[in-house]
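The numbers here are math on the coordinates, done by the rules we state, and not lab data. It should be emphasised that the depicted structure is a prediction, and the values quoted were computed from it without experimental measurement. Counting neighbours? That spans all protein chains shown, and the Cβs are built from the backbone with ideal geometry, glycine included.
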Amino acid sequence: MLPQALTRVIDALSRLPGVGPRTAERYAYYLFKSDSQISESIAEALENLHTDVKSCPVTFALIDADTDVSPLYSDPKRDRTTIMVVEEPLDIYAIESTHSYQGTYHVLGGAISPIDGVTPEQLHIGELIKRANNDNAKEIIIATNPSVEGESTALYLERILHEQNPNLKLTRLARGLPLGVDLSYADQITLSAALENRTNL
């Protein structure tokens, strides 16, 4: 019943994660009603997405296509001997927003998940081991997500990194109950981590 052009936009938008058919319809209709410059700017941004963005060959963070390596790695103020390991590139920006970390990063590109067919060989673990040696790393901070897959990945990294360098300091981001959350609303993983990482008063 809808014009074909509008239907094509709805179909395209509904392929995005978390966007169902009704949401896609609202987005498409909003774009149709709005100034055409909004649609044109979005189309232009999407057209340049794959040509203007690439992965850093060292850290695997997202960088501009005309940049050699991530500025968070090339910056002389950054401590290359400290490497924080994250699952995805966007995790870096969550850490950076705290302005509390001055080391470098390494993006795995996911987490080990046999159910989804993701094995250690598909992640940037081999590159992490080489980096640790090349940069004379003193500490590796494992900042994988507090999920079953994230925990499995952290345990795997701990084992393989200790095998490569027993003297390397390995740490994990603190986990536990966030401020303002009632115990009855906490999940089992969070409660287990809170018990394991309890502190003295």
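Check Y93, Y105 and return the single one that is surrounded by fewer than 18 Cβ atoms within 10 Å (Cβ to Cβ) and under 16 Å from the mean Cα position of the chain (by Cα). Steps first, answer last, please.
Values: Y105 fails: surrounded by fewer than 18 Cβ atoms within 10 Å (Cβ to Cβ).
Only one candidate qualifies: Y93.
Considering only segment 133-162, state which residues are without any contact (Cβ under 8 Å) to a residue 24 or more places away in the chain and of a type in the set (D, E). Let's see the steps before the verdict.
Narrowing segment 133-162 to residues without any contact (Cβ under 8 Å) to a residue 24 or more places away in the chain: 134, 154-155, 158-159, 162.
Within segment 133-162, E158 is the sole residue that qualifies.
Residues in segment 122-151 that are part of a helix (DSSP H, G or I) and buried (at least 16 other Cβ atoms within 10 Å of the Cβ): I125, E127, L128, I129, R131, A132, E149, G150, E151. Are any of the residues in segment 23-38 of a type in the set (V, I, T), within 20 Å of Y93 (Cβ to Cβ) and surrounded by 12 or more Cβ atoms within 10 Å (Cβ to Cβ)? Scanning segment 23-38, I find no residue that is of a type in the set (V, I, T), within 20 Å of Y93 (Cβ to Cβ) and surrounded by 12 or more Cβ atoms within 10 Å (Cβ to Cβ), so the answer is no.
Scan segment 158-172 and tell me whether some residue there is over 17 Å from the mean Cα position of the chain (by Cα) and within 22 Å of L90 (Cα to Cα). Checked against the condition, which is being over 17 Å from the mean Cα position of the chain (by Cα) and within 22 Å of L90 (Cα to Cα), segment 158-172 yields at least one hit. The set of residues from segment 48-90 being in contact with a helix residue (DSSP H, G or I) (Cβ under 9 Å, 6 or more places away or on another chain), over 26 Å from V118 (Cβ atoms) and not polar (S, T, N, Q) comprises D64, A65, D66, D68, R78, R80.
Cβ-Cβ distances below 9 Å connect the following pairs, each with a first residue in segment 77-93 that is within 15 Å of I142 (Cα to Cα), a second residue that is among the basic types (K, R) and surrounded by fewer than 19 Cβ atoms within 10 Å (Cβ to Cβ), and a separation of six or more residues or different chains: T81/K138; T82/K138. Would you mind stating whether E96 is under 13 Å from T82 (Cα atoms) and charged (D, E, K, R)? In short, no.
For segment 163-201, a residue qualifies if it is without any contact (Cβ under 8 Å) to a residue 12 or more places away in the chain and either hydroxyl-bearing (S, T, Y) or within 30 Å of D135 (Cα to Cα) (or both), and the qualifying residues are E163, P166, N167, S184, Y185, S192, T199. In this entry, G176 is excluded by the filter for residues that are in contact with a His (Cβ under 8 Å, 6 or more places away or on another chain), surrounded by 14 or more Cβ atoms within 10 Å (Cβ to Cβ) and in a loop (DSSP other than H, G, I, E, B).
Restricting F32, F60 to residues that are in contact (Cβ under 8 Å) with a residue 40 or more places away in the chain and out of contact with any Lys or Arg (no Cβ under 6 Å at 6 or more places or on another chain) narrows the list to F60.
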